[in-house]
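Could you have a look at this structure, given as structure tokens, before my questions?
The values are calculated or read from the model by the stated rules, or taken from the named source; none is laboratory data. Since the structure is predicted, the reported quantities are computational estimates derived from the model, not experimental observations. For neighbour counting, all protein chains shown are included, and Cβ atoms are generated from backbone atoms with ideal geometry for every residue, glycine included.
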């Protein structure tokens, strides 16, 4: 897995490329592709909602909408890519530590494509801050600020039999 200096353009990345940098896997990987990324700065990505996702069946029957917390998680994953591609951060595990000023402006429905933008506003060896927005057809659906911290240490094992890498957090 290659890492890049802060400010260097990365991508685009397909789903396999995304999986090289994010530890998330189905059903909790909410990035289908990265359309643009600048290491340590920002990421633009897409999540295509088919309607077959597990949460639509119960949220809400007869009027399925994407839960707001999952919209925010998608923004966080988008931002994590800008961190994980950056030199000095690729072996860390960024975990969401807080969110502020979250606003949900319009429902996201099955069949929609969530267009994500996340930018880092502060990045250190202990964690950082950022802000992001999710759009559907150019209309803002969700926005907010987030904080993240790094897990104490992460060791990546090699894929076995073509399986994606496993990320383990040491105590």
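Name the residues in segment 19-41 that are in contact with a strand residue (DSSP E or B) (Cβ under 6 Å, 6 or more places away or on another chain), crowded, with 20+ Cβ neighbours inside 10 Å and not in a loop (DSSP other than H, G, I, E, B), would you?
Hits for segment 19-41 are 34, 37, 38.
Test each condition in (1) over 16 Å from residue 133 (Cβ atoms); (2) out of contact with any helix residue (DSSP H, G or I) (no Cβ under 6 Å at 6 or more places or on another chain); (3) surrounded by fewer than 19 Cβ atoms within 10 Å (Cβ to Cβ) for residue 106 and report the one that comes out false.
Single failed check for residue 106: (1).
Check whether at least one residue in segment 54-72 is part of a loop (DSSP other than H, G, I, E, B), farther than 23 Å from residue 103 by Cβ and in contact with a strand residue (DSSP E or B) (Cβ under 7 Å, 6 or more places away or on another chain), and report yes or no.
No, there is no match, as no residue in segment 54-72 is part of a loop (DSSP other than H, G, I, E, B), farther than 23 Å from residue 103 by Cβ and in contact with a strand residue (DSSP E or B) (Cβ under 7 Å, 6 or more places away or on another chain).
Quick check, is residue 82 modelled with pLDDT of 95 or more, in a strand (DSSP E or B) and surrounded by 15 or more Cβ atoms within 10 Å (Cβ to Cβ)?
no
Within segment 74-86, does at least one residue satisfy the condition of being free of Cβ contacts under 8 Å to residues at least 60 places away in the same chain and over 10 Å from the mean Cα position of the chain (by Cα)?
Within segment 74-86 (the criterion being free of Cβ contacts under 8 Å to residues at least 60 places away in the same chain and over 10 Å from the mean Cα position of the chain (by Cα)), the answer is no, since none of the residues qualifies.
Could you grab me the full set of residues in segment 7-18 that are on the phi < 0 side of the Ramachandran plot, in contact (Cβ under 8 Å) with a residue 24 or more places away in the chain and surrounded by 16 or more Cβ atoms within 10 Å (Cβ to Cβ)?
Within segment 7-18, 10, 13, 18 qualify.
To continue, here is another question. Can you tell me which of 49, 114, 70 is within 16 Å of the chain's Cα centre (by Cα) and without any contact (Cβ under 8 Å) to a residue 60 or more places away in the chain?
After ruling out the rest, the residue left standing is 70.
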